[in-house]
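Values in this text are rule-based calculations from the coordinates and carry no lab data. From a predicted model like this one, the values you see are computed outputs, not experimental measurements. Neighbour counts are summed over all protein chains in view; Cβ atoms, including those assigned to glycine, are modelled from backbone coordinates with ideal geometry.
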Amino acid sequence: MGGAGWRPAPEHVGWTALAAIAAVLAGLSAASSLNYASVVVAHSVSYVVPAFEIAYEQTAPDGTLTANSTVRASLALRVENPSSRTLRFSLVAYGGWIEDWPLEDGWNDSRKNQDKAVVNGSGSTYFFPAFGESLNVVKDPVPPGGNATLSLSFALSRATDPQRFDAMRNITEWGAARSGSPSAVPWNHWVRVDLTIDGVPEPSSNEAGYLRDLRRIEFQWGSNLGF
Amino acid sequence: MGFRLGARARRWSRIGLLSAFLGLVLGYATFAFIFPTAAIPIGAEPSLAGIAALLFGSAVMAGLLTDDVYAGTVQGFLALPVGAAVASLMIVSPVLTGMVQAQGDVLVFQGIQFGFPMYVLAIPVNLLGGLVGLGIRDRIAPGPLGFARAPTPPRNHE
């Protein structure tokens, strides 16, 4: 027995094991912090640059809408992503309201209950809700340090929504009479873009709303006047 | 006198090290409890069984290296502020990148608020795990200093 080799004391084994576990936990903590920081930074530094365009198609020679015309709202949503995380489009909601000049001029107040009033210093401005759309989007992701543009188009015609289209006709005709062109009538645009961060799973618990917020980046642009 | 101070210093440095270890475990567990989708390994929801097992296993491990019940109790409680500090550091890590503007104290407060169940859980787990570790240690190598005790020289039976 006297020739037995060196054996570490049990305490040394214990301290070595403790140091190893501590090192693993410190590594996991650092990795978790970096992962969490990159997610929060993605929330902070990414942004959306929206562009809106309203087109009146197949109009009469004077620019007013006919029964066969189409009002088309086109959106180009450019997402800039300076972060190190990949972002994915998830949901887009769009609202477009046209200023109701006939109502404001006292010529047609039939839409007073339907319109959305915006109170400002000099009085109220009324907007007619022409577009209200939301859709889930599947598109190529926004790469880290890059950008991506999502283009969408929504159409309003007599075939899709006769009541709303007739109101649009009335408003644009009044606009053409008052200012020479339907395009002179102001619009109010609002858009919401939801993006998800790759690598952050959907929380399974419905109660942890802040975890859903951690995964999802929500941008809003413009004033939502309601529908 | 010098020997007594040295022994006391060793005892408290051991308590400090084991408190730091338990605090590191508690801080990581708290972060994983609050942000399971951001903690590594990533999960869709906090694994309470996994977190409890981690806390208990670590407490047993610390108990194996603890001097006595008093030291184990002190460690169990000292681990709480250390754990809160570790979890807070992890939670404010985005602010430390300089790319996020947020009030660090608000984040720390929210971390303590959301992680409160972990801190409550850690007290009995640390104490119980420490006692279990001490019990195991006393079975393997009984005595006040346990593992650390120098081998006893064989008695002379003349």
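Structure notes:
- Under 5 Å, built H, 5+ apart or other chain: amide partners of A:Tyr47: A:Glu80
- Helix axis angle, B:48-64 relative to chain B longest principal axis, alpha carbon, degrees: 30 degrees
- Degrees separating the helix A:10-45 axis from the principal Cα axis of chain A, which is the longest one: 10 degrees
- Estimated FRET transfer efficiency when R0 is 41 angstrom, pair A:Ala23-A:Val49 (beta carbons, to 0.05): 0.35
- Neighbourhood charge, 13 Å Cβ-Cβ cut-off, centred on A:Glu104 and excluding it, Lys, Arg +1 and Asp, Glu -1: -1
- Span per principal axis, largest first, for the Cα atoms of segment B:10-142 (Å): 54, 31, 20
- Computed from Cα atoms, the angle from the helix A:162-179 axis to the main principal axis of chain A rounds to 70 degrees.
- Each residue of segment B:110-121 was assigned a 3J(HN,Hα) from its phi angle through the Karplus curve 6.51 cos²θ - 1.76 cosθ + 1.60 (θ = phi - 60°); the sequence is 5, x, 5, 5, 5, x, 3, x, 5, 5, 5, 5 Hz, with glycine and proline shown as x.
- Modelled spin labels at B:Ala9 and A:Asp105, positioned 7 Å past Cα toward Cβ, are 9.3 nm from each other.
- Cut-off 13 Å (backbone N to label point 7 Å along Cα→Cβ of B:Leu128), residues of segment B:50-75: B:52-57, B:59-60
- Each of B:Tyr28, B:Tyr119 was scored by other Cβ atoms within 10 Å of its Cβ. Listed from fewest to most, they are B:Tyr119, B:Tyr28.
- Remark: mean inter-chain Cβ contacts per residue of A:35-45 equal 6, using a 10 Å Cβ-Cβ cutoff to other protein chain atoms.
- Label-to-label distance for B:Gln113 and A:Ser153 is 4.8 nm, based on points extended 7 Å past Cα in the beta-carbon direction.
- Largest GNM mean-square fluctuation across B:Gly98, B:Gly50, B:Gly23, computed for chain B with C-alpha springs under 10 Å, falls on B:Gly98.
- Comparing A:Trp221, B:Tyr28, B:Val95 along the charge dipole axis of the protein assembly as shown, the residue lying farthest to the positive side is B:Tyr28, per the Cβ-charge model.
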